[in-house]
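In what follows, a structure is listed as structure tokens, so that the remarks can point back to it.
The values are calculated or read from the model by the stated rules, or taken from the named source; none is laboratory data. All values reported here derive from a predicted model rather than from experimental measurement. Here the Cβ is made from the backbone with ideal geometry for all residues, glycine too, and neighbour counts use every protein chain on show. What goes into the accessible areas is simple: the full protein's heavy atoms, side chains included, and nothing from ligands, DNA or RNA. Shrake-Rupley method; radii C 1.70, N 1.55, O 1.52, S 1.80 Å.
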Amino acid sequence: MIAEALSGIRQELPGGVRLVAVSKYHPSSAILEAYEAGQRLFGESHAQELQAKRGQLPGDIEWHFIGHLQTNKVKYIAPYVSLIHAVDTPRLLEEISRQALRHGRRIPCLLELKVAREATKYGFQPEECDEYLSSGLWRRLEGARICGVMCMASLTQDEGQIASEFEAARGFFLRARERYFQGSDSFRECSWGMSDDYRIALQHGATLVRVGSRIFGQRDYTAGK
Ligand SMILES: *Cc1c(COP(=O)(O)O)cnc(C)c1O
């Protein structure tokens with residue numbers, strides 16, 4: 001089932017778009033099943049859970065951290081995480097840089113934008129994010145590299161609303177690239193789209209889609225990890 005779901009989604013992805021298989025709350029056995037079907041890129045949103053699973057799974061898996069990341073958890077994932085999707089404060093970016101440098105790394109990061117209509121706890125307001133970029137402070141962080149933006153759309157059936165939120169993020173990305181990342185090839189990722197809205201995301205500039213339940217089924221939040 002996992003293999004079929006994966007291949008169905010992969011067939012829908014235009015060239016250059018990558019699928020992050022979101023495996024949070026699913027056991028390592030499910031991840032292994034996806035791995036055996038060729039998937040190498042997985043997303044997790046809890047540092048301890050990721051830590052435990054990584055130890056049980058093949059070493060060539062690329063792990064993305066997709067959820068809210070507390071600054072005191074950065075150290076656990078800094079040695080190996082290949083992209084942090086949801087950087088929502090300058091302080092978090094600074095800590096990522098600090099921890100990355102301890103391992104001689106520079107960790108790719110995305111800035112999380114608040115574009116949804118509902119009040120969400122995390123993310124930068126677009127104006128706030130633009131202010132931070134224009135401050136240039138991030139340029140001194142040698143252990144973190146800003147590679148693009150990430151967002152989550154409103155939880156709604158209104159596809160027009162979702163599309164307009166992805167477009168807002170896309171517009172932000174394009175302007176930021178023009179203003180702050182001229183001549184840089186690494187600022188290129190747009191992370192949006194989940195199980196229920198990745199098709200819309202694909203029409204609005206996504207380069208990374210984060211799909212969980214459509215691949216692995218419903219998450220069981222009560223089961224032990
Ligand atoms: C859980 C999660 C997803 C995947 O959600 P599904 O609806 O299961 O596809 C994507 N992005 C983030 C940030 C998540 O926390």
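Observations, loosely collected:
- Counting Cα-Cα pairs of region 1-98 in 5 Å increments starting at 0 gives whole-percent bin shares of 2, 12, 24, 21, 17, 12, 7, 3, 0.
- Taking packing as the residue-averaged number of other Cβ atoms within 10 angstrom, the listed peptides 44-52, 186-194 run from highest to lowest as 186-194, 44-52.
- Rounded to 5, the percent of DSSP beta bridges in the chain classed as antiparallel: 0
- With the simple spin-label model, which puts each label point 7 Å out from Cα in the Cβ direction, the Arg102 to Ser154 separation comes to 4.2 nm.
- Summing charges over all other residues whose Cβ lies under 14 Å from the Cβ of Ser195, with Lys and Arg as +1 and Asp and Glu as -1, gives +2.
- Mean projected area in nm² (Cα convex hull; one quarter of hull surface) for region 28-154: 8.2
- Computed log₁₀ I(q)/I(0) - Debye formula, equal Cα scatterers, no solvent, the chain, q 0.09, 0.12 Å⁻¹: -0.34, -0.63
- Accessible area per residue for region 120-210, computed on protein heavy atoms with a 1.4 Å probe, is 51 Å².
- Among 26-39, 196-209, 127-140, the order from most to least packed when residues are scored by Cβ within 10 Å on average: 196-209, 26-39, 127-140
- In order through region 57-72: 3J(HN,Hα) via Karplus (6.51 cos²θ - 1.76 cosθ + 1.60), integer Hz, x for Gly, Pro: 10, x, x, 8, 6, 9, 9, 10, 9, 10, x, 5, 10, 7, 4, 6
- Here the Karplus curve 6.51 cos²θ - 1.76 cosθ + 1.60, taken at θ = phi - 60°, turns the phi angles of region 92-98 into couplings of 5, 4, 5, 5, 4, 4, 4 Hz, with x standing for Gly and Pro.
- With every protein chain in place, the chain: carbon and sulfur % of accessible area (1.4 Å): 46
- Mean residue ellipticity, 222 nm, helices only, the chain: the sum of -39500 (n - 2.57) across DSSP H runs of n ≥ 4, divided by residue count and rounded to 500, is -11500 deg cm²/dmol.
- Residues of region 1-26 falling in the label zone of Leu41, defined by backbone nitrogen less than 17 Å from a point 7 Å along Cα to beta-carbon, are 6-24.
- Amide hydrogen proximity for Ser195: with H placed 1.01 Å from N in the peptide plane, the residues at 5 or more positions away or on another chain lying under 5 Å are Gly212, Ser213, Arg214.
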